[in-house]
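Undergrad: Have a look at this one before I ask anything.
The numbers here are math on the coordinates, done by the rules we state, and not lab data. Computed from a prediction, not measured in an experiment: that's the story for all the values here. In this analysis, Cβ positions are derived from the backbone assuming ideal geometry, glycine residues included, and neighbour counts consider all displayed protein chains.
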Amino acid sequence: MSLAEQQCEACRADAPHATEAEIQQWREEIPDWKLIEEDGEPKLQREFRFSNFREALAFTNQVGELAEEQNHHPALITEYGKVAVVWWTHKIGGLHRNDFVCAARTDQLAEKD
């Protein structure tokens, strides 16, 4: 089953971090996402481009709905013509399968526009 077809699972503070092997495997499904480190924590980041602020805001709201459905919440920065999305798991201070699922589902939202 592809990442985009999966659902997030409830995550506890002692949940396992994604392994290096899992990260490599899952990144193949989300090639446009950058692996970054911020405040000592690995995160997934992607910037999406739009024609204007209205389109960027509509996309931001779609990602917000996805986040609420999955009970997994990203950092979102909405500007004129672009939206930066950053996924990571706050409870574990790093990456979990949930982040890759949400990144793949975010890509699906962008493809619909």
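Undergrad: Residue by residue, what Karplus-based ³J(HN,Hα) values in Hz, rounded to whole numbers, does the range 74-83 have, using 6.51, -1.76 and 1.60 with θ = phi - 60° and x for Gly and Pro?
TA: Taking θ as phi minus 60°, the curve returns x, 8, 10, 10, 10, 10, 4, x, 7, 9 Hz for the range 74-83.
Undergrad: In addition: Each label point is 7 Å from the Cα along the Cα-to-Cβ direction; what then is the distance between the points at ALA15 and ARG49, in nm?
TA: 3.3
Undergrad: Same structure, new question: Can you tell me the length gained on complete extension of the stretch ILE36 to GLN24, counting 0.36 nm per residue apart and subtracting the Cα distance? Walk me through the intermediate numbers first.
TA: Details: separation 12, 0.36 × 12 = 4.32 nm, distance 1.39 nm.
Result for the pair: 2.9 nm of gain on full extension.
Undergrad: Which ³J(HN,Hα) values, rounded to whole Hz and listed in residue order, are derived for the range 103-108 from phi using the Karplus coefficients 6.51, -1.76 and 1.60 in 6.51 cos²θ - 1.76 cosθ + 1.60 with θ = phi - 60°, glycine and proline given as x?
TA: 5, 5, 6, 5, 4, 4
Undergrad: Here is a further query. Cα to Cα, under 23 Å, and not fewer than 8 places away if on the same chain: which lysines meet these conditions relative to LYS82?
TA: Partners found: LYS34, LYS43, LYS112.
Undergrad: Against the longest principal axis of the chain, how steep is helix 53-70, in degrees 0 to 90 to the nearest 10, with axes from Cα atoms?
TA: That helix lies at roughly 30 degrees to the long axis.
Undergrad: Determine one quarter of the surface area of the Cα convex hull of the range 14-63, which equals its mean projected area, and express it in nm² to one decimal. Walk me through the numbers on the way to the answer.
TA: Numbers: hull surface 20.7 nm².
The orientation-averaged projected area of the Cα hull of the range 14-63 comes to 5.2 nm².
Undergrad: Can you give the Kirkwood hydrodynamic radius of the chain from its Cα pairs, in Å with one decimal? Provide the component values of the computation, followed by the final result.
TA: Working: mean 1/r = 0.0706 Å⁻¹.
By the Kirkwood definition, the hydrodynamic radius is 14.2 Å.
Undergrad: Hey, another quick one. In deg cm²/dmol and to the nearest 500, what is the mean residue ellipticity at 222 nm of the chain if only DSSP H runs of at least 4 residues count, each as -39500 (n - 2.57), divided by the residue total? List each step's numbers first, then the result.
TA: Numbers: 3 runs with 42 residues, N = 113.
Calculated mean residue ellipticity at 222 nm is -12000 deg cm²/dmol.
Undergrad: OK, next. Would you mind calculating the gained length between GLU111 and TYR80 on full extension (0.36 nm times residue separation, minus the Cα-Cα distance), in nm to one decimal? Write down the numbers at each step before the final one.
TA: Details: separation 31, 0.36 × 31 = 11.16 nm, distance 1.92 nm.
Value of the extension gain: 9.2 nm.
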